[in-house]
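Read the structure below first, then the notes.
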Amino acid sequence: MKLPKGLKFLLPLALVLLVAVLVVPSYADAHEPPVAGRPPSVPVPAVDVEIVKKATLKGPKAPKGKPPKQAATGILGETCAGDKFAIIIGISDYPGESSDLDYCGDDANDVKLALKTLYGYQESNIVLLVDVAATRSAIVLAIEWARTNAGADDEVFFFFSGHGARGKASDGDSEKVDEAIVCHEAGEFSYIWDGELRSFFSGFATTRIILVFDSCLSGGMTDLSAPGRVIAMACSENGVSLEDEVWGNGQFTFYFFDQGMLAGRADVYDHNGNPQPDVVIEESFDYAKANCMQQTPVISDSFMNDLLP
């Protein structure tokens with residue numbers, strides 16, 4: 001149908017309003033958005049933003065072996081009685097070419113393999129976001145999906161491998177300098193700040209939440225600490241996370257998941273009387289911390305005794 005000339009200019013505006021009506025309600029029930037009235041998909045204002053890029057580790061690598069007792073207690077905590085949900089993110093392909101990484105997609109795939117083969121995570125309960133799929137909107141929606149579906153007896157696992165950033169963000173906390181995971185949106189860099197993540201991960205029915213960050217400055221993610229949670233971070237709040245060109249992974253991911261879990265090398269304690277490896281999160285962290293070079297992993301553990309995913 002041919003529109004009158006005077007009405008043609010209204011058509012684009014009508015389409016924009018229609019999209020807004022359809023999209024915004026999907027965030028209407030989001031818990032405690034960092035800025036009142038701001039949908040979680042919309043980045044919060046930030047200034048003095050600096051992306052801290054992963055570096056490549058070069059040189060000889062000699063595993064140091066099993067570490068002495070550190071985070072692991074040797075006592076098995078309460079096991080998961082319900083379903084398990086996972087959000088796994090790996091971003092190597094960033095806007096432009098100068099910020100690209102090499103192994104974050106490999107990291108994500110290896111984490112998925114470990115969760116499925118060793119810990120009983122089902123394909124239908126795993127969201128895998130790699131490279132172009134790992135937009136800010138997709139990540140926020142995945143967290144909302146987990147919050148909506150995970151019950152009180154369930155478990156939630158969140159993993160991110162990519163760049164980190166710092167800056168001064170209006171993300172709902174009182175920090176002078178905030179840390180973020182770096183993603184993308186509409187072909188541009190985008191950020192999810194620690195205060196936002198804390199808000200997005202509030203309101204879960206379950207307290208059994210595991211968060212693992214293989215990114216620079218990831219030690220700043222202790223802001224997400226809460227009872228029942230374990231947060232494993234590749235480096236300190238001001239540290240750099242490294243990629244390992246020999247093993248084809250982020251160094252932390254390689255020792256935490258590939259060697260610690262999949263190869264069973266982190267298995268120090270027999271937690272369940274089974275001769276097969278039963279690597280808990282704390283054992284895997286201890287192994288990664290003992291073997292990582294030029295970076296110091298950090299853990300925030302508010303789970304009672306050892307957490308077996």
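Fully extending the segment from Ser170 to Ser202 would add 9.7 nm, taking 0.36 nm per residue of separation and subtracting the current Cα-Cα distance. Put a plus charge on the Cβ of each Lys and Arg, a minus charge on the Cβ of each Asp and Glu, and nothing anywhere else: the dipole of region 78-173 about its Cα centre is then about 200 debye. For a modelled paramagnetic label at Glu188, 7 Å from Cα along Cα-to-Cβ, the residues of region 151-170 in reach, with backbone nitrogen under 20 Å, are 163-170. The overall shape of region 246-309, judged from the alpha-carbon gyration tensor, is oblate: a/c is not under 1.5, and a/b is no greater than b/c. Modelled this way, with points 7 Å down the Cα-to-C-beta line, the labels at Gln276 and Asn238 are 4.5 nm from one another. Which residue, chosen from Tyr269, Phe160, Gln259, occupies the Cα position most advanced towards the positive end of the dipole of region 155-280, where the dipole is computed from +1 (Lys, Arg) and -1 (Asp, Glu) charges on Cβ about the Cα centre? The one lying farthest along the dipole's positive direction is Tyr269. When the square roots of the Cα gyration tensor eigenvalues are ordered a ≥ b ≥ c, the ratio a/c for region 182-309 is 1.5 or more and a/b does not exceed b/c, which makes its shape oblate.
Here the residues Met221, Met293, ranked from fewest to most Cβ neighbours within 10 Å of their Cβ, fall in the order Met293, Met221.
Model label points for Val177 and Val49, set 7 angstrom from Cα along the Cα-to-Cβ axis, are 1.8 nm apart.
Stokes-Einstein, applied to the Kirkwood radius of region 106-250 over Cα pairs at a viscosity of 1.567 mPa s and 4 °C, places its translational diffusion at 82 µm² s⁻¹. Packing around the peptides 142-155, 278-291, taken as the average count of other Cβ atoms within 10 Å per residue, puts them in this order, highest first: 278-291, 142-155.
So for Lys168, Lys53, Lys176, fewest C-beta neighbours within 10 Å to most, what's the order? Working shown, then result.
Working: Lys168 15, Lys53 20, Lys176 6.
Ordered by Cβ neighbours within 10 Å, fewest first: Lys176, Lys168, Lys53.
Each residue in Ile51, Ile210 was given a count of other beta-carbon atoms within 10 angstrom of its own, and listing them fewest first yields Ile51, Ile210. Would you work out if region 176-230 is rounded, prolate or oblate? Take a ≥ b ≥ c from the square roots of the eigenvalues of the alpha-carbon gyration tensor; rounded if a/c is under 1.5, else prolate when a/b is larger than b/c, oblate otherwise. In terms of gyration-tensor shape, prolate.
In the structure shown, the pairs Lys112/Lys168; Lys112/Lys289; Lys84/Lys289 are assessed against 24 Å; a Cα-Cα span above that value is assigned to Lys112/Lys168; Lys84/Lys289. A simple spin-label model places pseudo-atoms 7 Å from Cα toward Cβ; at Asn305 and Ala263 they are separated by 3.0 nm.
Just so you know, all these numbers are worked out from the coordinates, no wet-lab data involved. Model, not experiment: these values are computed from the prediction. FYI the Cβ positions are ideal-geometry reconstructions off the backbone, even for glycines, and counts take in every protein chain you see.
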